[in-house]
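These notes concern the structure reproduced below.
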Amino acid sequence: MTTDALSRPHALVAEDDPALADVLRLAFTRAGFEVQVARNGLDALRLATDNAYDVVCSDFQMPKLNGEQLLTAIREGGPSQDAVCLLCSAKSYELDCQRLKDALGLCAVFYKPFSLAEIAAAAKDGLAARAGV
């Protein structure tokens, strides 16, 4: 699932809220991504272990593995370890965002409610930076 000249970049959305997962899927699809959604951290890790994603957008609070645990495991190795990673959370005052950004190599952290356009733009900007554009 890597990006080449003829294919769209692949994004994994890890979000347990069904309505928000659908909205994120739509936002990434409209931005030109092929999208898969996982409704918990463990399912997201299985997908990221079996497939190479260009972008991983994860909620912080999820069942089975939270966003930090998921992204830590992805960064440890596998086909998605170099993905552009975004983290979303409703815990704007409780998270140490700078620590998370540094530890997980996050492209951005978004607090709910957030702009879908900004998330898609951050993903595209992260891909451009990764490509050295």
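Considering only beta bridges that DSSP places wholly inside the chain, some 0 percent are antiparallel.
Going by how many other beta carbons lie within 10 Å of each one, how would you line up ASP102, ASP16, fewest first? Let's see the in-between values first.
On the way: ASP102 10, ASP16 17.
With the fewest neighbours first, ASP102, ASP16 line up as ASP102, ASP16.
Rounded to the nearest 20, the size of the Cβ-charge dipole of the chain about its Cα centre is 120 debye, with Lys and Arg at +1 and Asp and Glu at -1.
Please compute P(r) over all alpha-carbon pairs of the chain, binned at 5 Å starting from zero, and give each bin as a whole-number percent. Bins of 5 Å from zero give 2, 12, 24, 27, 22, 11, 3, 0, 0 percent of pairs. Going by neighbour counts of Cβ atoms within 10 Å, the residues VAL23, VAL35, VAL56 line up, fewest first, as VAL23, VAL35, VAL56.
Just so you know, all these numbers are worked out from the coordinates, no wet-lab data involved. All values reported here derive from a predicted model rather than from experimental measurement. Note that we place each Cβ from the backbone using ideal geometry, even for glycine, and neighbour counts take in every protein chain shown.
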